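Data block below; observations after.
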Amino acid sequence: MVTVQDLKQFNLFVGLEESELAEVARLCTRRTYESGAEVFSPGAPAGDVFLLEGGNDAVQIEISICEHSPRTVLHTLQKGEFFGWAALVPPHQRTATARCVGRASVICVDGKALMELLEKNKHMGYVVMKNLSGILSTRLTYTTLVLRREIRKVASKLVTAS
């Protein structure tokens with residue numbers, strides 16, 4: 001069972017009241033993924049939002065820059081962070097791969113049920129969407145920096161090869 005105390009550690013829910021967190025807790029289940037497990041992949045439909053719960057757990061968000069290159073790690077998530085935001089934003093489709101670095105304990109929140117709850121309770125909706133937009137803005141900034149670095153690597157190899 002997921003409790004209000006469990007949800008208080010997640011940046012997505014900062015600012016919600018205990019009664020509101022209790023409503024979110026009812027939508028949650030727990031899962032454990034083994035090391036190397038792929039939680040989701042690009043293009044897959046997005047149903048759940050994931051909250052990384054374990055103390056030493058880490059989940060990497062990865063993309064392939066080009067067909068024959070190794071995956072690029074965009075972000076490594078730690079305890080207290082969430083991933084799978086596409087479940088809350090149309091078109092509800094995954095944009096990257098989420099892979100467990102080690103065994104990972106996560107809380108899963110049904111995205112559709114959460115959105116229905118947020119639509120019913122405007123305060124909750126405002127707080128969660130404000131938190132979501134701030135988190136996504138930070139991740140987008142970081143992703144841009146990572147992609148620039150990777151593009152420079154590819155361009156450097158092309159210049160060297162010619």
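Some values worked out for this structure:
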| item | result |
| --- | --- |
| Selection within segment 112-162 - surrounded by 14 or more Cβ atoms within 10 Å (Cβ to Cβ) and among the polar types (S, T, N, Q) | 121, 131, 143 |
| Residue in segment 85-96 that is touching an Asp or Glu at 6+ places or on another chain (Cβ under 9 Å), in contact (Cβ under 8 Å) with a residue 24 or more places away in the chain and surrounded by 14 or more Cβ atoms within 10 Å (Cβ to Cβ) present | yes |
| Residue within segment 56-63 that is closer than 28 Å to residue 116 by Cα and touching a helix residue (DSSP H, G or I) at 6+ places or on another chain (Cβ under 7 Å) present | no |
| Hits in segment 6-22 - residues which are surrounded by fewer than 19 Cβ atoms within 10 Å (Cβ to Cβ) and in a helix (DSSP H, G or I) | 6, 11, 18, 19, 22 |
| Failed condition for residue 102, given (1) in contact with a Ser or Thr (Cβ under 8 Å, 6 or more places away or on another chain); (2) surrounded by 19 or more Cβ atoms within 10 Å (Cβ to Cβ) | (2) |
| Matching entry among 24, 14, 59 (being closer than 27 Å to residue 96 by Cα and within 15 Å of the chain's Cα centre (by Cα)) | 59 |
| Single condition residue 29 does not satisfy, out of (1) surrounded by fewer than 12 Cβ atoms within 10 Å (Cβ to Cβ); (2) under 17 Å from residue 106 (Cβ atoms) | (1) |
| Considering residues of segment 55-73 that are surrounded by fewer than 16 Cβ atoms within 10 Å (Cβ to Cβ) and farther than 20 Å from residue 151 by Cβ only, the residue modelled with the lowest pLDDT | 55 |
| Residue match in segment 5-18 (condition: free of Cβ contacts under 8 Å to residues at least 60 places away in the same chain and within 25 Å of residue 140 (Cα to Cα)) | yes |
| Strands (runs of 3 or more DSSP E) contained in segment 27-121 and holding at least 2 residues farther than 21 Å from residue 141 by Cβ and touching a strand residue (DSSP E or B) at 6+ places or on another chain (Cβ under 9 Å) | 28-33, 38-40, 48-52, 97-100, 104-110 |
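The values are calculated or read from the model by the stated rules, or taken from the named source; none is laboratory data. Note that the structure is predicted; figures quoted are calculated from it, not measured. Please note: Cβ atoms are built from the backbone with ideal geometry, for glycine as well, and neighbour counts cover all protein chains shown.
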